[in-house]
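Trainee: A single structure is presented below for examination.
The values are calculated or read from the model by the stated rules, or taken from the named source; none is laboratory data. Remember, it's a predicted structure, so these values are computed and weren't measured experimentally. Backbone-built Cβ (ideal geometry, glycine too); neighbour counts: all protein chains shown. Side chains included, ligands, DNA and RNA excluded: accessible areas come from the protein's heavy atoms. Shrake-Rupley method; radii C 1.70, N 1.55, O 1.52, S 1.80 Å.
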Amino acid sequence: MATRKAAALLEGNVGLPDTFWYSTKRRLLGPPLVNQDLGEQRLSNPLALGVLSPDGISSSAYGPEEILIVLVPAVGLAAFSLLLPMTLVILFVMVLVLLSYREIVMVYIRPGGSYVVARENFGPRVAQVCAVALLIDYVVTVAVQTSAGTAAVASAFPAVGPYKVEITVGVVLLMCFGNLRGLKEAGRSFAVPTYLFAGTVILMIVVGLIRDLMGNLKPYDPHTLHGAYTLGSSTSGLLSGAMIFILLRAFANGGASLTGIEAVSDAVGAFRPPEGVNARRVLMAEGAILGILIAGISWLAYRTHATPRLAGYPTVLAQEAQLVFGNTFVGHALFYLLQAATMLILYTGGNTSFNGFPFLTSYVAGDSFLPRWLLKRGHRLVFSNAIIVLTIVSVALIIIKDADVNSLVPLYAIGVFTAFSMAGFGMAKYHHRIKEPGWRRRLVINFSAGVMTAIVVAVFAIVKFTEGAWVVVVLFAVLVPALIRLNREYAAESEVLETLSEHHPPPPPHYARRTVFVFVDGFDLATLAGLRYARSLRPTTIRAVHFVIDNVQAEKLRQKWTRADRGVPLDFIDVSDRRLTRAAAELVEREAAEPDTHVTVVLPRRSYSALLGRLLHDRTADKIAAVVSRIPRSAATIVPYDVESRVRVLQERQAAKIAGSADQHVRSGEADVAAQHSPAAGPQSVRPPKNGQRSAEATAPNGGELTAGPGITPIGALTTPGRATVEGRIRVVEIRPVERNSVLACEISDGTGQLTALFYGRSHIPGIVCGARVRFRGSVGIKDGHPVMTNPAYELLFPAV
């Protein structure tokens, strides 16, 4: 009920129209969700296996093929014999990694996986190595999985092969759109691809094994396959340096089969209690399925001689399925079913990054190692900023690498195995520190996993360096110090705030003079809005300032300002070198240098739509505000003015006023006609106003200066002491300190001169503000050649506009 009420409030119109961009976002993504919708769904073990393991299980679709891509051009047909022992080595590494993560899910139930292990055992700074590794892993996972999924589609329908980049980019954009809408990976539909793929591949392995035992599984002839890698004919021995290097490259490629098996550790909290035990069971089940698939696909490749193609399709898996299932109707149906399952699980595996990457960035940003805007949840309660960043980087990577899986693999496993290694070493340190029962055995397992995966990282970095691994090495060298530097900045800021909070806040400053500068570059509605805001600050002095860089424009502004007469003097400051920010800073510094003076700079700015605003503005106000804010005892305020909405409102008011005037004119005409026909109608006379009254003609509609009326003495005529009544517009209001008291000084002008009125014991009088028109009556004194009144009687004639 609370959720529905909150949603209803969000749906309701509070009087402010939605912007174009918000309306567009609402149509695309749906109505906004409220925080109460941020629920948590607990997963059963079968559902968790289907939801959390697509990334890991799907890597079996291209892992064995990546090994053959290295071996076939080097050793020819011997590659298929070397594939099996190479697969056993990879499976051995997988077992060590699984045993290591088996301990992690029992100890660290909260989300975060390898990053949390590294942070808790090595500290937050060292953990940034793991953070960078995982961030790279998530980005490359999207690129590799979607590219492999498109290759599966092209294997079934070769005609789409030339468009693999466009298809892959389109799939990533659809994933981005779906996740921005709040796509949930906990649904049953996301578990279907996992079971469908595993089931069809195991069926293919079983059928292939039966056909092989029956002797009717005829292998391909790699020499006759069109578009396949050229068979090599290396004569080097297995122990030669060249062959060892080739085997290491093949092993590095095959390591891609192990990516994604850590996903369970990132979501332990999503399991039903007991979380650790259930997560361990699902993890081991995932490992068993992955091992069967890798071993089965490698064995079939050995028996069928399915050879990788230069174009990337048909894949080795597709060639195996085509040969195993045969050319019958059922065989074709099973082949297309397997390709559909492969496509679905690969795309689903890529989509897991859109869940893991945003949460990882939120954890790292929560530790103050990434910008804090990555902590912000968006319109649909997802980390929208992180999703958009992931989409942009992964799409760029797909385009650069031409959606080629083999080109992306060198970027892939370094990040994954770096996270494996840090998790293994972190758990080894944990067991050594805690020394729980059986800790020695667990320490050996985790330390061995850490060492083995560290060796894999070294192998990758060396043998794949020229193929693209250097990019990952450079990223590590750049990003890790950058994250630590960002954390240092956040820590310094936090330290200052904590230091200030430890002491009682200082008393608010009391300045005798508060000067407000309104910087104007033209006379328009935005300038008037800035003046209104400046008056609302109740300053001692208001001055409008125009920096002259164009004399013709300055003269036009002077004429407009004089005609309008808003009660604020306009100063013109010549800026011959056109360095506005420097001129503004010098002006503020001179004023702030006066004792006990605070300066506020008001910067009116016309606001337009986001796109139009960037075209029409050069951000001068922001630059001036940044400079002024660094000057002691000064502040800058930008006053935005929405031109479009205000013009619309003023037009509506003008139209209403014209309509009202026309209606009044009609009624007045009818009354005149009636009066002319009335017997009582006679000559009408107009009585002049009484003494002291103001006629309508004496009031300027724009509040301009008025000529002195009867009984009013022009200020310019006050040259000797005496009593007088004067009228004028307030130009300056300031509070002047006196002995244990204060005096409110008000300077008025009537066009003939200026007079200062002093109100002792007062700091504010309602209505006595700059721009208001007043009448003063009292004794006049002469000080320094200027007339002065002390505590005069006053009358507010026109309030400030």
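Trainee: Answer with yes or no whether SER114 is closer than 23 Å to LEU475 by Cβ, modelled with pLDDT of 90 or more, among the hydroxyl-bearing types (Ser, Thr, Tyr) and in contact with a helix residue (DSSP H, G or I) (Cβ under 6 Å, 6 or more places away or on another chain).
Mentor: So SER114 fails the test.
Trainee: Can you pull out the residues in the stretch 255-278 that are farther than 18 Å from SER353 by Cβ and touching a Leu at 6+ places or on another chain (Cβ under 9 Å)?
Mentor: PHE271, ARG272, ASN278
Trainee: What's the number of the only condition in (1) touching a helix residue (DSSP H, G or I) at 6+ places or on another chain (Cβ under 6 Å); (2) not in a helix (DSSP H, G or I); (3) not β-branched (Val, Ile, Thr) that ALA285 fails to meet?
Mentor: The single condition ALA285 does not satisfy is (2).
Trainee: Here's something else I'd like to know. LEU390 versus (1) open to solvent by 50 Å² or more (accessible area, probe 1.4 Å); (2) under 22 Å from VAL416 (Cβ atoms): which is the lone unmet condition?
Mentor: So LEU390 meets the others, but not (1).
Trainee: Tally time: how many residues in the stretch 557-601 are in contact with a Gly (Cβ under 9 Å, 6 or more places away or on another chain) and open to solvent by 30 Å² or more (accessible area, probe 1.4 Å)?
Mentor: Residues flagged as in contact with a Gly (Cβ under 9 Å, 6 or more places away or on another chain) and open to solvent by 30 Å² or more (accessible area, probe 1.4 Å) within the stretch 557-601 amount to 3.
Trainee: Considering only the stretch 99-122, how many residues are part of a loop (DSSP other than H, G, I, E, B) and farther than 13 Å from ALA423 by Cα?
Mentor: 3
Trainee: Right, something else. Quick check, is VAL516 over 17 Å from ARG729 (Cβ atoms) and at pLDDT 90 or above?
Mentor: yes
Trainee: For the stretch 742-763: of the residues being in a loop (DSSP other than H, G, I, E, B) and polar (S, T, N, Q), which is surrounded by the fewest Cβ atoms within 10 Å (Cβ to Cβ)?
Mentor: SER763
Trainee: Right, another one. Taking into account only those residues within the stretch 455-488 that are among the basic types (Lys, Arg) and open to solvent by 70 Å² or more (accessible area, probe 1.4 Å), which is farthest from ASP367 (Cα to Cα)?
Mentor: For the stretch 455-488, the residue satisfying everything is ARG485.
Trainee: Which pairs turn up if I take residues in the stretch 717-743 that are under 22 Å from ALA772 (Cα atoms) and look for partners that are assigned to a helix (DSSP H, G or I) and at pLDDT below 70 with beta carbon separation below 6 Å, at least 6 apart in sequence or on another chain?
Mentor: Short answer, once both residue conditions are applied: none.
Trainee: Something else: Out of curiosity, is THR540 in contact with an Asp or Glu (Cβ under 8 Å, 6 or more places away or on another chain), within 27 Å of CYS746 (Cβ to Cβ) and of a type in the set (S, T, N, Q)?
Mentor: It is true that THR540 is in contact with an Asp or Glu (Cβ under 8 Å, 6 or more places away or on another chain), within 27 Å of CYS746 (Cβ to Cβ) and of a type in the set (S, T, N, Q).
Trainee: Taking the condition crowded, with 24+ Cβ neighbours inside 10 Å and either in contact with a helix residue (DSSP H, G or I) (Cβ under 9 Å, 6 or more places away or on another chain) or not hydrophobic (A, V, I, L, M, F, W, C) (or both), does MET452 pass?
Mentor: For MET452, the condition - crowded, with 24+ Cβ neighbours inside 10 Å and either in contact with a helix residue (DSSP H, G or I) (Cβ under 9 Å, 6 or more places away or on another chain) or not hydrophobic (A, V, I, L, M, F, W, C) (or both) - is not met.
Trainee: Take the residues of the stretch 288-334 that are among the aromatic types (Phe, Trp, Tyr) and within 21 Å of ASN253 (Cα to Cα): which is modelled with the lowest pLDDT?
Mentor: Checked the stretch 288-334; the qualifying residue modelled with the lowest pLDDT is TYR313.
Trainee: Tally time: how many residues in the stretch 532-554 are over 22 Å from ASP596 (Cα atoms), modelled with pLDDT of 85 or more and in a helix (DSSP H, G or I)?
Mentor: Total satisfying the criteria: 2.
Trainee: Turning to a different aspect of this structure: With the requirement that a residue be buried (at least 24 other Cβ atoms within 10 Å of the Cβ) and not in a helix (DSSP H, G or I), what does the stretch 326-361 give you?
Mentor: THR352 - this is the single residue of the stretch 326-361 that is buried (at least 24 other Cβ atoms within 10 Å of the Cβ) and not in a helix (DSSP H, G or I).
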